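Q: Following this message is one structure expressed as structure tokens.
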Amino acid sequence: MTQREIKLLSMGLLLLFIFTIIRNAWVSDDAYITFRAIENFRAGYGLGYNPYVRVQSFTHPLWMLLLSCGYFLQVNLLGLSLSSGLVFLTLFLSLASSALTFWVIITKIIKCDEISITLLGATVILSRAFVDYSSSGLENPLTHLLLALFIWQFFKENPNFLILASLSAMIAINRLDAELLVFPALVWLLLQDRAQFRKNLYYSLVGFSPLIAWEFFSLFYFGFLFPNTAYAKLNTGISDYLLLAQGFDYFLNSIHWDPLTLFVIFLTGVGVCLEGDRKSLILYAGIPLYLIYVLKIGGDFMSGRFLTAAFLIAAILFSRLQNISRQLSLVSLAIILLLGVTSNRSTLLDPQYPMTEANFRFVDENGIADERLVYFGSGRNQGLVINGLRDTEIGSTLAGKNWLFKKIKSVNFNGGIGKSGYQDGPNVYYADQYALVDPLMARLPVKDPVKWRIGHFKRLIPDGYEETLTEGSTLISDPDLKDYYEKLSFVISGSLWDTQRVKEIIKFNTGKYNYLILRYISHNQDKVFGYP
């Protein structure tokens with residue numbers, strides 16, 4: 001093919017990719033947790049889910065900050081205060097990030113020939129997980145873009161280590177565990193050139209300074225280094241064996257519902273090993289490291305969500321294989337097309353079609369959901385092509401300039417902290433039993449360590465806790481938990497510049513108060529582990 005024909009092919013695949021994302025575009029319920037934090041941030045009520053309570057309810061600081069900047073511009077400078085303004089801004093930035101990712105890959109990273117471009121295009125367009133989480137309102141699209149930029153720089157003849165370190169830091173700020181994907185490549189480059197070791201080590205410190213700055217800010221502002229969701233989901237008391245079994249189920253679910261995604265990851269591993277290119281091998285090494293982590297934590301309740309970043313790296317590496325013959329490339333393309341087109345959840349099918357089939361499963365027996373389908377229709381109407389995301393259904397009448405906090409009218413423990421929490425506005429205090437936005441319950445074990453759903457680790461509400469939040473004074477009955485909560489409350493709601501607060505932060509993060517939680521659990525076994 002001529003260069004002009006290759007450019008036309010690239011443009012055609014890019015447009016098909018954008019079209020596929022748009023017709024499948026949706027907003028997840030978890031995205032609304034971030035939306036509510038952004039509304040509070042813009043309104044001056046602090047960077048938390050509930051006004052003036054400093055709890056990091058979002059797992060993606062960089063994505064949150066990007067959305068916040070766009071939203072401030074939209075509402076405060078342009079005056080576009082719409083009930084669904086944040087939803088559409090999020091979709092726009094997701095689509096823009098996804099399109100730019102595709103463009104960087106096909107123009108800057110892979111070989112400029114028709115086979116490589118078609119392989120890459122078919123792979124990403126037909127991956128159910130990759131298409132689903134190229135929108136959704138979550139951080140995946142920005143992670144994909146940062147990874148594409150990292151790989152572009154990594155494969156240059158003389159990669160700029162400062163740029164790579166900076167991109168690696170941005171990836172970590174966007175989602176900390178995604179750093180595992182690029183960590184081996186960065187360390188290898190650091191150790192590769194001994195003559196430049198000191199210089200590159202200095203570049204590492206400079207490049208990672210944004211991540212270091214964020215962690216210092218997080219420790220000072222929130223009182224803790226990690227998001228509240230990390231404490232809620234990794235501090236459960238559930239055995240490693242059960243989580244490992246759930247992690248295997250997560251991969252089996254992907255094979256069953258989206259066979260293309262893991263197939264490409266596996267096939268790329270074989271191809272990279274056979275080719276023996278050192279850079280490709282080092283970059284691929286981050287994938288099994290990351291997948292082992294996903295396996296260990298039990299995966300996620302969103303089918304495929306934690307696989308998209310690893311899949312993207314694999315798809316790029318597979319399209320870059322140098323020693324693969326044209327015949328083998330065509331066979332690989334045929335298999336990819338077969339897996340992607342014949343799947344009963346193919347990205348090429350009508351995004352709504354399964355909803356008319358009575359036996360179609362939205363959630364499997366292990367609690368793993370086809371999350372896009374759950375919220376795309378079925379009365380949720382959070383899919384873009386369902387009805388254009390009508391304002392009355394996907395936004396909040398209190399959004400933008402109407403997001404005004406006066407006083408707490410009620411306390412909600414029902415757990416609907418996504419869309420319903422956003423629609424209720426800032427005057428309803430939320431403290432969900434899954435502990436995603438509640439710092440006290442995030443530090444308690446799950447209610448039932450045997451029967452649970454991944455990502456939904458329900459806690460028992462301590463006696464007097466609901467009254468504590470409603471009345472504004474500590475009414476928790478257990479003296480140890482009461483003492484713990486008062487200290488915790490001071491950290492998340494006390495004066496930022498109080499020196500005593502700094503001392504309490506140090507004590508919390510060095511485990512000085514863990515004994516209070518342990519004593520509470522020991523004295524209240526029947527209540528804490530309230531088996532149904």
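The values are calculated or read from the model by the stated rules, or taken from the named source; none is laboratory data. What you see is a predicted model, and the numbers here were worked out from it, not measured in a lab. Here the Cβ is made from the backbone with ideal geometry for all residues, glycine too, and neighbour counts use every protein chain on show.
Q: Being farther than 21 Å from TYR284 by Cβ and at pLDDT 95 or above is the requirement here; does LEU219 meet it?
A: yes
Rundown of residues vs (1) assigned to a helix (DSSP H, G or I); (2) farther than 19 Å from PHE224 by Cβ; (3) touching a residue at least 24 places away in the same chain (Cβ under 8 Å), yes/no style:
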position	(1), (2), (3)
ILE6	yes, yes, yes
LEU13	yes, yes, yes
ALA37	yes, no, yes
PHE41	yes, no, yes
TYR49	no, no, yes
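Q: In the range 238-255, which residues are surrounded by 14 or more Cβ atoms within 10 Å (Cβ to Cβ) and assigned to a loop (DSSP other than H, G, I, E, B)?
A: Scanning the range 238-255 gives a single hit, ILE238.
Q: Further, regarding this structure: Looking at the range 438-455, can you tell me whether even one residue there is closer than 20 Å to TYR49 by Cα and exposed (fewer than 15 other Cβ atoms within 10 Å of the Cβ)?
A: No - not one qualifying residue is present in the range 438-455.
Q: Any idea how many residues of the range 198-253 are β-branched (Val, Ile, Thr), over 19 Å from the mean Cα position of the chain (by Cα) and more than 28 Å from VAL187 (Cα to Cα)?
A: Residues that pass the stated criteria total 2.
Q: Could you grab me the full set of residues in the range 166-211 that are of a type in the set (A, V, I, L, M, F, W, C), surrounded by fewer than 16 Cβ atoms within 10 Å (Cβ to Cβ) and either without any contact (Cβ under 8 Å) to a residue 24 or more places away in the chain or in contact with a strand residue (DSSP E or B) (Cβ under 6 Å, 6 or more places away or on another chain) (or both)?
A: VAL187, LEU191, ALA195, PHE197, LEU201, LEU205
Q: Name the single residue, out of those in the range 462-475 being surrounded by fewer than 21 Cβ atoms within 10 Å (Cβ to Cβ) and outside any helix (DSSP H, G or I), that is modelled with the lowest pLDDT.
A: GLY472
Q: Just give me the residues in the range 419-431 being under 22 Å from SER136 (Cα atoms) and surrounded by fewer than 24 Cβ atoms within 10 Å (Cβ to Cβ), in sequence order.
A: Result: SER420, GLN423, ASP424, GLY425.
Q: Of LYS447, LYS451, LYS458, LYS419, which residue is within 15 Å of ARG36 (Cβ to Cβ) and not assigned by TED's automatic domain parsing to the domain that holds ARG36?
A: LYS419
Q: When only residues in the range 146-160 that are buried (at least 21 other Cβ atoms within 10 Å of the Cβ) and without any contact (Cβ under 8 Å) to a residue 40 or more places away in the chain count, which is nearest to the chain's Cα centre (by Cα)?
A: Within the range 146-160, the match that is nearest to the chain's Cα centre (by Cα) is LEU146.
Q: Return yes when ARG42 is at pLDDT 95 or above, surrounded by fewer than 24 Cβ atoms within 10 Å (Cβ to Cβ) and basic (Lys, Arg) and no when it is not.
A: Yes.
Q: Now a separate question. Is it the case that the range 380-387 has a residue that's in a loop (DSSP other than H, G, I, E, B), at pLDDT 90 or above, buried (at least 20 other Cβ atoms within 10 Å of the Cβ) and not small (Gly, Ala, Ser)?
A: There is no residue in the range 380-387 that is in a loop (DSSP other than H, G, I, E, B), at pLDDT 90 or above, buried (at least 20 other Cβ atoms within 10 Å of the Cβ) and not small (Gly, Ala, Ser).
Q: I've got another one for you. From the residues in the range 399-418 that are surrounded by 20 or more Cβ atoms within 10 Å (Cβ to Cβ) and part of a loop (DSSP other than H, G, I, E, B), which one is farthest from the chain's Cα centre (by Cα)?
A: Top of the filtered list is TRP403.
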